[in-house]
Amino acid sequence: MFNINYILISSSVLVIAFGQVIFKFAAKNFKIGGGGGWWNVAQQNVTPIALIFLALFLYFLSTIAWVQALRTVPLSVAFMFNALAFVIVPCAGFFLFGESVPKYFYLGMPLILLGIFLISRP
C-alpha cells in the first residue's frame with residue numbers, strides 16, 4: 001500500500017545525506033590561517049560558511065518532513081530508514097570526492113537495504 005509518509009521519510013534521509021555532502025564540500029574549501037582573527041577567517045570563507053548554513057537549512061526541512069511522517073508511521077519502523085544514510089553517504093564520498101570505502105561496505109550495503117525492505121513491510 002502506498003503511503004506518502006514513507007516518501008517523506010525517504011526524502012528526509014536523502015536530504016540529510018545531501019547535507020553531509022555539502023558539509024564535506026564546505027570543509028574541503030574552508031581556509032584557516034593567515035592571521036587577522038575571526039573576521040579574516042570569515043572573509044576568506046564566505047562560500048564555505050554559506051554552504052554550512054545551506055546544509056543546516058536542509059536539516060531543518062528534513063526535520064519537518066520527518067516529524068510529519070512520524071505522525072502515522074511507528075518510530076520503530078521509520079528510524080530504520082536512517083540506515084539508508086550509511087549507504088548513500090559513503091557512495092557520495094566515493095563518487096564525488098574520490099574517497100575509498102572499506103571492502104566490507106560492498107557486503108554490508110545490500111544487507112542494510114534488505115533489512116530496511118524487510119522492516120518496512122506490513
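No value in this document is a laboratory result; all are computed from the given coordinates. Not measured: the values here are computed from a predicted model. In this analysis, Cβ positions are derived from the backbone assuming ideal geometry, glycine residues included, and neighbour counts consider all displayed protein chains.
For this structure, a couple of remarks:
- Of all residues in segment 37-54, those that are without any contact (Cβ under 8 Å) to a residue 60 or more places away in the chain have Cβ atoms under 6 Å from Cβ atoms of residues that are surrounded by fewer than 16 Cβ atoms within 10 Å (Cβ to Cβ) and of a type in the set (F, W, Y), 6 or more apart or on another chain, in N45/F30; P48/F30.
- Top-ranked residue in segment 17-47 [being within 23 Å of the chain's Cα centre (by Cα) and more than 22 Å from C91 (Cα to Cα); ranked as surrounded by the most Cβ atoms within 10 Å (Cβ to Cβ)]: N45
- Odd one out for F81, checked against (1) hydrophobic (A, V, I, L, M, F, W, C); (2) surrounded by fewer than 13 Cβ atoms within 10 Å (Cβ to Cβ); (3) touching a residue at least 24 places away in the same chain (Cβ under 8 Å); (4) under 23 Å from N3 (Cα atoms): (2)
- Residues that are farther than 30 Å from Y6 by Cα and among the polar types (S, T, N, Q) within segment 19-69 comprise N29, N40, Q43, Q44, N45, T47, listed in sequence order.
- The condition of being closer than 14 Å to I22 by Cα and surrounded by fewer than 18 Cβ atoms within 10 Å (Cβ to Cβ) holds for only one of L56, L75, that being L56.
One line per residue, one yes/no per condition, for (1) outside any helix (DSSP H, G or I); (2) in contact with a His (Cβ under 7 Å, 6 or more places away or on another chain); (3) more than 15 Å from S12 (Cβ to Cβ):
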site	(1), (2), (3)
F79	no, no, no
A83	no, no, no
K103	yes, no, yes
Y106	no, no, yes
M109	no, no, yes
L113	no, no, yes
I116	no, no, no
I119	no, no, yes
